[in-house]
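Accompanying notes for the structure given below.
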Amino acid sequence: MKGHTLFNWIFALLASLVLLFIIAPLAGMFLQTTTEEMRITASDPAVTRSVWYTLAIAFTATLLFAIGAVPLAWIMARRKFPLKNVVQGIIDLPVVLPHTAAGIALLGFLSRDGLLGGAAQKAGILLVNNGAGIAMAMAFVSLPFLINAARDGFAAVPERTEKAALMLGATPSRIFFTISLPQAWRSVVSGFIMMFARGMSEFGAVVIIAYHPMIAPVLIYDRFNTYGLSSARPASIIFILVALFFFVLFRVLATERHQIFRREDDATD
Amino acid sequence: MMLRTERLCKRLDSFQLQEISLEVSRGDYYVLLGRSGAGKTQLLELICGLTPPDKGKIILEGEDITRKRVQDRGIGLVFQDLALFPHFSVKDNIMYPLRIMKLPLKERVDRVQRAAEEMNIADLLLRKPENLSGGEKQRVALARTLVTQPKILLLDEPMASVDASLKDSIRRMLRRLNRNGQTIVHVTHDFGEAISLASRVGVMHNGRIIQEGTPGEVFTHPANRFVARYAGIKNFFRATFVRSYNRFSCITDNRTEFKLPKGDYPSSGLLILAAADVLLSRQGAAGVQINNIHGVIEDIVPSPIGYEITVNAGDHFFADITRREMDDQKYVAGEPVIISFRTDSLKLVGEGEEKKEY
């Protein structure tokens with residue numbers, strides 16, 4: 001038993017060190033910032049505009065790319081096809097790429113000379129130094145979080161329930177929306193939130209696509225470069241607090257929405 | 001004819017369904033009996049269209065449905081694991097196919113209510129499947145399929161998730177459904193289920209239907225050792241038949257000699273002997289039509305009726321004796337005894353059995 005206790009102590013110590021490593025810098029940042037600094041930064045229109053802009057672009061990017069990402073996740077969970085492993089590798093690629101390298105790759109694609117950028121320019125849309133370009137940079141690096149979480153969710157849905165729905169007369173699209181998606185809902189929402197969170201915190205890829213309009217991570221970097229640590233610190237705290245608030249809010253809303261959806265379904269009868 | 005399959009073939013990963021031809025008449029209760037891995041579930045999935053066959057045809061009420069969409073076949077299937085929708089209440093599970101049929105709300109509600117009452121689950125409608133027992137889940141799955149009014153109902157091991165104590169009530173319910181005109185194809189590995197429910201039985205083995213008929217026909221005249229085993233028969237003897245003037249006899253592969261009644265015998269074949277027809281004694285039995293075989297008791301095992309005694313007489317014989325008989329005779333392992341049975345208790349089973357399978 002003594003050995004067992006020693007084992008517990010060693011593991012508890014190691015775990016505490018890791019937690020401390022995460023908490024200490026954040027706590028230090030909070031402790032070293034005065035309320036006056038916070039008040040001034042919070043009332044700076046450039047900061048507030050940047051924070052809201054970041055949230056809006058990250059949310060929009062997640063929402064729009066989910067339209068394709070969720071079906072891709074379903075295909076990865078349910079279908080067998082040649083080179084499936086290669087496709088999975090492509091999905092995971094943004095996670096292992098250096099984000100600045102991802103930004104450079106995207107810039108070539110989105111600039112006026114690029115494939116998409118050139119086509120967009122003909123339609124009068126500029127993708128570089130623009131919200132659309134920022135959204136794509138955010139999505140590029142964060143899509144694997146949504147696709148992989150949703151894929152795991154769909155894979156965990158018992159295939160028999162989908163077959164049973166087919167036997168009861170449902171079309172494939174009805175099966176997807178009434179059987180597969182509701183059962184994989186938690187994983188899809190979890191992936192959605194992870195993609196949103198990862199997207200709004202992206203700096204490396206975004207800064208190459210668009211320094212302006214400034215999203216919060218770029219603004220924090222800009223404040224640090226221009227005015228130093230004391231100016232960047234309150235902006236960082238505000239961004240962290242707002243991001244945390246929305247992170248929690250989306251989780252709560254997603255759970256609520258799922259329950260409301262179920263109650264509405266009951267009420268139709 | 002309600003359902004007919006014509007030489008259905010399907011190659012799966014490590015297994016093949018071969019030339020499956022079966023006929024199910026309207027109102028039949030057809031039981032497909034076989035061990036797990038025999039291909040029963042795969043056959044059901046072919047019939048209902050979840051898997052396309054490589055060859056062959058499926059005819060339902062005279063119409064070739066082999067390439068028809070699953071949703072349009074009019075076949076109901078209840079899966080072995082029931083596949084209830086866990087995120088729906090019982091009511092929504094049963095309502096699901098009715099919503100697809102776009103029935104008016106009132107009719108939907110009426111049908112759900114009727115099905116729930118018929119299946120005795122009216123008080124469970126607001127519950128989620130996770131809060132139901134195995135028997136209740138089974139009833140919900142049946143109700144959900146029956147509201148679609150299928151032409152034919154396919155059941156994959158319907159007793160698998162039901163407690164032994166509830167099996168009788170499910171059996172009664174299935175019999176009632178069938179009496180009310182529902183044609184049923186029921187897949188099981190349980191001989192008792194087949195006997196108690198089937199109007200016709202098909203025995204499946206290694207992707208083939210090896211015997212088909214009424215339960216009486218199949219189990220009193222098993223086509224081979226596999227079917228005989230399903231009927232609970234353990235005494236099997238591969239023998240060479242001998243006729244000398246008007247005396248008929250045979251010699252088993254282990255050199256045991258049996259007298260046989262007059263009959264038409266092939267040169268060799270498989271004989272079966274029901275354990276209940278075997279008498280065990282120390283002095284043997286008298287009579288011209290009696291075989292007396294000397295052997296030694298090898299094993300004594302308790303059985304539902306008393307004991308099953310294994311006697312080694314070159315061949316192994318299995319005899320059932322009652323508890324009272326055991327109390328009187330006090331047989332012990334290693335004791336010499338005589339096995340007696342009437343010559344007409346020996347039955348020759350059909351040809352075509354592949355010896356390597358057993």
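Taking beta carbons within 10 Å but only from partner chains, what does the mean come to for residues B:79-87? Present the calculation step by step, with values, prior to reporting the outcome.
Details: counts 6, 1, 4, 3, 11, 4, 10, 6, 11.
Mean shielding count: 6.
Among A:Met38, B:Pro302, B:Gly37, which residue has its Cα furthest toward the positive end of the charge dipole of the protein assembly as shown, with +1 on Lys/Arg Cβ and -1 on Asp/Glu Cβ?
Among A:Met38, B:Pro302, B:Gly37, the one farthest towards the positive end of the dipole of the protein assembly as shown is A:Met38.
List the residues of the stretch B:82-102 whose backbone N lies under 14 Å from a point placed 7 Å from the Cα of B:Asn131 along the Cα-to-Cβ direction.
B:87-92
Do any chymotrypsin sites (Phe, Trp or Tyr not before Pro) in the stretch B:231-320 lie in a DSSP loop with no more than 11 other beta carbon atoms within 10 Å, and if so, which? Walk me through the numbers before you get to the answer.
Numbers: sites: B:Phe236, B:Phe237, B:Phe241, B:Tyr245, B:Phe248, B:Phe258, B:Tyr307, B:Phe317, B:Phe318; in loops: B:Tyr245.
Counting only loop positions with at most 11 other Cβ atoms within 10 Å, the chymotrypsin sites (Phe, Trp or Tyr not before Pro) in the stretch B:231-320 are B:Tyr245.
Kindly flag which residue pairs out of A:Lys84/B:Lys55; A:Lys163/B:Lys106; B:Lys91/B:Lys128; A:Lys80/B:Lys68; B:Lys234/B:Lys330 have an alpha-carbon separation exceeding 18 Å in this structure.
A:Lys84/B:Lys55; A:Lys163/B:Lys106; A:Lys80/B:Lys68; B:Lys234/B:Lys330
Label-point separation (nm) for A:Tyr221 and A:Arg79, each offset 7 Å from Cα along Cα-to-Cβ?
Label-label distance for A:Tyr221 and A:Arg79, simple model: 3.7 nm.
Can you list the DSSP H helices in chain A whose Cα atoms extend at least 15 Å along the helix axis and whose mean Kyte-Doolittle hydropathy is -0.5 or higher? Don't skip to the answer; put the middle values down first.
Values: long enough: A:2-31 (40 Å, 1.77); A:45-78 (48 Å, 1.29); A:84-96 (18 Å, 1.02); A:99-110 (16 Å, 1.62); A:131-156 (36 Å, 1.24); A:181-200 (27 Å, 0.71); A:216-227 (16 Å, 0.06); A:229-267 (55 Å, 0.71).
Once both thresholds are applied, what remains is A:2-31, A:45-78, A:84-96, A:99-110, A:131-156, A:181-200, A:216-227, A:229-267.
Residues in the stretch A:162-191, backbone N under 19 Å from the label point at A:Ala155 (7 Å along the Cα-to-beta-carbon vector): list them, ranges by number please.
A:162, A:180-191
222 nm [θ] for chain A, helices only, -39500 (n - 2.57) per DSSP H run of 4+, per residue, to 500?
On the way: 13 runs with 221 residues, N = 269.
Taken over chain A, the calculation gives -27500 deg cm²/dmol.
Please get the size of the charge dipole for the stretch B:1-111, origin at its Cα centre, with Cβ charges of +1 on Lys and Arg and -1 on Asp and Glu, quoted in debye to the nearest 20.
On the way: 19 positive and 15 negative charges, 49 e Å.
About 240 debye.
Among DSSP beta bridges lying fully in chain B, give the percent that are antiparallel, nearest 5.
Values: 63 of 81 bridges.
That works out to approximately 80 percent antiparallel.
Could you give the nm distance between label points at B:Arg11 and A:Glu36, where each point is 7 Å from its Cα heading toward the beta carbon?
So the two model labels end up 8.4 nm from each other.
So how tilted is helix B:105-118 from the main axis of chain B? Cα-based, degrees 0 to 90, rounded to 10.
Between helix and principal axis, roughly 20 degrees.
Just need the relative contact order of the stretch A:43-267 here, percent rounded to a whole number, with Cα pairs under 8 Å and 6+ apart.
On the way: 244 pairs, mean separation 63.7, N = 225.
The value is 28 percent.
Suppose every Lys and Arg Cβ carries +1 and every Asp and Glu Cβ carries -1, with no other charges. What dipole size does the protein assembly as shown come out with about its Cα centre, to the nearest 20 debye?
Numbers: 72 positive and 61 negative charges, 201 e Å.
Rounded to the nearest 20 debye, it is 960 debye.
Considering only DSSP beta bridges where both residues belong to the protein assembly as shown, give the percentage that are antiparallel (nearest 5). Show your work: numbers first, answer last.
Values: 63 of 81 bridges.
The antiparallel fraction comes to roughly 80 percent.
If R₀ is 60 angstrom, what is the calculated FRET efficiency for the pair A:Thr100 and B:Arg172, using the beta carbon separation as r and rounding to 0.05?
On the way: r = 72 Å, r/R0 = 1.20.
Computed FRET efficiency for A:Thr100 and B:Arg172: 0.25.
7 Å from Cα along Cα→Cβ at both B:Ile251 and B:His221: what's the point-to-point distance in nm?
Label at B:Ile251, label at B:His221, 3.1 nm between them.
Could you please state, rounded to a whole Å, how far the C-alpha centre of the stretch A:187-216 is from the C-alpha centre of the stretch B:310-326?
Here the two parts' Cα centres lie 79 Å apart.
To the nearest 20 Debye, how big is the dipole of the stretch A:43-267 about its Cα centre, given +1 on the beta carbon of each Lys and Arg and -1 on that of each Asp and Glu? Could the numbers behind the result be given before it?
Numbers: 19 positive and 12 negative charges, 85 e Å.
My answer is approximately 400 debye.
Just want the answer: with Cβ charges of +1 for Lys and Arg and -1 for Asp and Glu, which residue in B:Asn131, B:Pro97, B:Ile47 is farthest toward the dipole's positive end in the stretch B:3-230?
Of the options given, the answer is B:Pro97.
GluC sites (Glu not before Pro) within the stretch A:143-219: which are DSSP loop residues with at most 13 other Cβ atoms inside 10 Å? Present the calculation step by step, with values, prior to reporting the outcome.
Numbers: sites: A:Glu159, A:Glu162, A:Glu202; in loops: A:Glu202.
Passing sites in the stretch A:143-219 do not exist.
Restrict the search to the stretch B:7-78; then list the GluC sites (Glu not before Pro) that DSSP places in a loop and that have at most 14 other Cβ atoms within 10 Å of their Cβ. Before the final figure, lay out each step's value.
Working: sites: B:Glu19, B:Glu23, B:Glu45, B:Glu61, B:Glu63; in loops: B:Glu61.
Hits after loop and neighbour filter: B:Glu61.
Could you please state, rounded to a whole Å, how far the C-alpha centre of the stretch B:6-82 is from the C-alpha centre of the stretch A:128-152?
Between the Cα centres of the stretch B:6-82 and the stretch A:128-152 lies a distance of 46 Å.
How shielded is A:167-176 by partner chains, expressed as the average number of their Cβ atoms within 10 Å of its Cβ atoms?
Values: counts 18, 19, 13, 6, 3, 1, 0, 4, 0, 0.
Counting Cβ atoms of other protein chains within 10 Å of each residue's Cβ and averaging gives 6.
Let me know the mean shielding of B:95-101 by other chains, meaning the per-residue number of their Cβ atoms within 10 Å of its Cβ. Could you put the intermediate results ahead of the total?
Details: counts 3, 8, 6, 2, 7, 7, 2.
If you average over the peptide's residues, the count of other-chain Cβ atoms is 5.
Please report the projected area of the protein assembly as shown's Cα convex hull averaged over all directions, in nm². Mind showing how you got there, number by number?
Numbers: hull surface 178.8 nm².
Averaged projected area of the protein assembly as shown's Cα convex hull equals 44.7 nm².
Every read-out reported here was derived from the displayed coordinates using simple, explicitly stated rules and does not represent laboratory data. Not measured: the values here are computed from a predicted model. Reconstructed Cβ throughout: ideal geometry from the backbone, glycine too, with neighbour counts over all protein chains shown.
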